[in-house]
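Please read the structure below before turning to the comments.
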Amino acid sequence: MVDEGTRKTLSSIPLLKTKAGPRDKELWTTRLKEEYQALIKYVQNNKEADNDWFRLESDKTGTKWFGKCWYIHNLLKYEFDLEFDIPITYPTTAPELALPGLDGKTAKMYRGGKICLTDHFKPLWARNVPRFGIAHAMALGLGPWLAVEIPDLIEKGVVKYQEKSEEAK
Amino acid sequence: MASVEELQRKVNELEAKLAAAQGNVVPMRQKIDVMSSEVVDSNPYSRLMALKRMGIVNNYEKIRELSVAVVGVGGVGSVTAEMLTRCGIGKLILYDYDKVELANMNRLFFQPHQAGLSKVDAAAATLQAINPDVSIETYNYNITTIDNFQKFCDSISKGSLTDGPVDLVLSCVDNFEARMAINTACNELNQRWFESGVSENAVSGHIQFIIPGETACFACAPPLVVASKIDEKTLKREGVCAASLPTTMGIVAGFLVQNSLKFLLGFGNVSHYLGYSALTDFFPTMSLKPNPQCEDSYCRTRQAEFKAKPVAVELATEVTEDAKPIHDDNEWGISLVDENSPEEETPTLSLVDGVQVAYSIPVDNSTPESSTGGAVAASELSLEELMQQMKSM
Ligand SMILES: [Zn+2]
């Protein structure tokens, strides 16, 4: 099953209510508001737990999302661009989170840098339609993926630490 | 001024032409107007037309009028498209947004010199060289996004040689999202289609014939898997996402096209579900009724339409006049739904041995996974304000 830490994180993210996808016009706006509320709460939780690890934003339609996620390893911060589209079948199907910068660098990815999810993800998502949203996909999918893959990629020298060139940020 | 996208498309097209020119210096044969059964070494259709003479297919040349959409031109889709091309299909519509990579070379069809080309352009060049009689249309986009989904639906509903709906859609995609998108489109358009798939461990696969309202749609049940007889505990997923074998993909493509031909040309029995387990050479077949509580509202609409139809109108394939009556050992299970037998369908599926659902969904879906976070409360803030709040965190 999903590990205890992930389960705890997951359960502290507010659940969504509206079953609506990008083709549902007004209901989609309602759903988008819920998505943002859950994400804001999740980021707040992370900050309080001193485990702030991503930022996300979307275009106006809420169908294209982009942002950054980062992972601290041996006191160094490794940062990655994150992006995904909301499929028309959302929220029945989860978004496919992608780290395009790592595309082709690890076997735990599909084309385009889409991360490979564990066997737990899809059943858990399916059982929680429409309550799970983007924040849950991040906590259940990307969080554990980074924790397993990034240390390994650093060790193999595939991912290298990059000094921040722009200090003011 | 042309957009970057248009320019990119043009570059891809030219690259495909160049590659085709480099890889194939053999002159293309002339187009053939009418399929002939004459057995001469220059007739590419003689062995196909022989099916007619042997009484297997009554009207093989009808294939020239038919159009098929192949969604996903990877390990299964490319082979599927090649088979249909060699069979002389009237029109093929190909969809994929991926490029050919050297990592694909463990599969059939694509060649190393095509690496870097879009899969649809590379495939179109090869297929057109194999059979110039086939009309080929390509779409290089992801069908699951809001921008492309409508284009996808339009191309299916107006994609035939006479600008009507295509005769069949074949799903050869490798992910759940795309399958669901095809399912959504086909339920809305009342379009018959085949779903196909190969497991991520490469040792099992399946095809499923979906007639909206009449057989189970892809959303009627959780995904089905053929039991692989591999102990889950010994299945190692460390370090890789998915494996693939040209054999399994070729076999599934063969099943897919074989059943497509039977459906399109009206011969033999069309399997509603056919599974394949490579480790045990096990091939379960079954028929699946739609779920009255399917999440897809169009599926439920199609079910009501099907129920309202008079008996014996829909028999899956064209029934010729001298067709034998459907008899008892018709194990692929097209049965006449008799309005007098109120067979109350429960949402529980009756699956053949060796096929199971990938996961179960509790019937009472109202109790969520334990959550201390509660549910989101209605927010007074507008969407723009919430977006701004998230941005400023
Ligand atoms: Zn259904």
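A compact table of results
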{"item": "Shielding by partners, peptide B:40-51 (average Cβ within 10 angstrom, other chains)", "result": "0"}
{"item": "Solvent-accessible area lost in complex, 50 Å² minimum, residues of segment A:25-45 relative to chain alone, 1.4 Å", "result": "A:Lys33, A:Tyr36, A:Gln37, A:Ile40"}
{"item": "Two-site label geometry, A:Asp3 and A:Thr61: point separation in nm, points 7 Å out along Cα→Cβ", "result": "3.8"}
{"item": "Nonlocal amide H pairs with A:Leu15, under 5 Å, H built at 1.01 Å", "result": "B:Gly374, B:Ala375, B:Val376"}
{"item": "Loop sites in segment A:1-103: trypsin sites (Lys or Arg not before Pro), DSSP, at most 11 other Cβ within 10 Å", "result": "A:Lys25, A:Lys60"}
{"item": "For B:Val257, net neighbour charge (Lys/Arg +1, Asp/Glu -1) across residues whose Cβ lies under 11 Å away", "result": "+1"}
{"item": "Computed Kirkwood radius, in angstrom, where 1/r is averaged over Cα pairs of the protein assembly as shown", "result": "25.7"}
{"item": "Debye, to nearest 20: dipole size of segment A:26-145, +1 on Lys, Arg Cβ, -1 on Asp, Glu Cβ", "result": "200"}
{"item": "Cα centroid of segment A:122-149 to Cα centroid of segment A:69-88, whole Å", "result": "15"}
{"item": "Paramagnetic label zone (point 7 Å from Cα along Cα-to-C-beta, B:Leu18; backbone N under 12 Å) in segment B:97-131", "result": "B:117"}
{"item": "Gaussian network model of chain A, springs between alpha carbon atoms under 10 Å - residue of A:Gly104, A:Gly141, A:Gly133 with greatest fluctuation", "result": "A:Gly104"}
{"item": "Rounded to whole Hz, the Karplus (6.51, -1.76, 1.60) HN-Hα couplings of segment B:148-165, x for glycine and proline", "result": "9, 4, 5, 4, 4, 4, 4, 5, 7, 7, 10, x, 6, 5, 10, 6, x, x"}
{"item": "Accessible area of segment B:53-139 divided out per residue, in Å², using a probe of 1.4 angstrom", "result": "35"}
{"item": "Prolate/oblate/rounded label for segment B:41-118 (Cα gyration tensor, a/c 1.5)", "result": "prolate"}
{"item": "10 Å Cβ neighbours from other chains, averaged over peptide A:78-91", "result": "4"}
{"item": "Cα-Cα over 20 Å, subset of A:Lys60/B:Lys158; B:Lys151/B:Lys289; A:Lys105/A:Lys160", "result": "A:Lys60/B:Lys158; B:Lys151/B:Lys289"}
{"item": "Distant-in-sequence amide H partners of B:Val225 (H built 1.01 Å from N, under 5 Å)", "result": "B:Gln356, B:Val357, B:Ala358"}
{"item": "Size of the A/B contact, given as accessible area buried on both chains, probe 1.4 Å, in Å²", "result": "4700"}
{"item": "Label-reachable residues, segment B:73-90, where backbone N falls under 13 Å from a point 7 Å from B:Arg53's Cα toward its Cβ", "result": "none"}
{"item": "Magnitude of the charge dipole, the protein assembly as shown, Cβ model with Lys/Arg +1 and Asp/Glu -1, debye to 20", "result": "780"}
{"item": "Net charge of Cβ neighbours under 14 Å - reference B:Asn187; Lys, Arg +1; Asp, Glu -1", "result": "-1"}
{"item": "Å² of accessible area per residue within segment A:1-130, as computed with a 1.4 Å probe and no ligands counted", "result": "45"}
{"item": "Computed magnitude of the charge dipole of segment B:1-113 (debye, nearest 20; Cβ of K, R +1, Cβ of D, E -1)", "result": "380"}
{"item": "Placed amide H near B:Ser199: partners under 5 Å, 5+ positions off or other chain", "result": "B:Ser204, B:Gly205"}
{"item": "Estimated vicinal HN-Hα couplings, Hz - segment B:372-381 in sequence order (Karplus 6.51, -1.76, 1.60; Gly, Pro = x)", "result": "9, x, x, 9, 5, 8, 4, 9, 6, 6"}
{"item": "Using θ = phi - 60° and Karplus 6.51 cos²θ - 1.76 cosθ + 1.60, couplings along segment B:383-393 (whole Hz; Gly, Pro as x)", "result": "4, 4, 5, 5, 4, 5, 4, 5, 5, 8, 6"}
{"item": "Selection from B:Val76, B:Ala115, B:Gln191 lying farthest towards where the dipole of the protein assembly as shown points positive, charges on Cβ", "result": "B:Ala115"}
{"item": "Inter-chain shielding of B:223-229 (mean C-beta neighbours from other protein chains, 10 Å cut-off)", "result": "0"}
{"item": "Cα lying deepest toward the dipole's positive end in segment A:73-169, options A:Ala107, A:Ala147, A:Phe121, charges on Cβ", "result": "A:Phe121"}
{"item": "Tensor-based shape of segment A:80-169 (alpha-carbon gyration tensor, a/c under 1.5 rounded, otherwise prolate or oblate)", "result": "prolate"}
{"item": "Helix-only [θ]222 nm of the protein assembly as shown, DSSP H runs n ≥ 4, -39500 (n - 2.57) each, per residue, nearest 500", "result": "-9500 deg cm²/dmol"}
{"item": "Cβ-based charge dipole, segment B:147-276, positive-most Cα from B:Ile251, B:Leu261, B:Gln150", "result": "B:Ile251"}
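The values are calculated or read from the model by the stated rules, or taken from the named source; none is laboratory data. Remember, predicted model here, so these are calculated numbers, not experimental data. With ideal geometry, Cβ positions are generated from the backbone for all residues, glycine too; neighbour counts draw on all protein chains shown. Remember, those area values only see protein heavy atoms, side chains included, never the ligands or the DNA or RNA. Shrake-Rupley method; radii C 1.70, N 1.55, O 1.52, S 1.80 Å.
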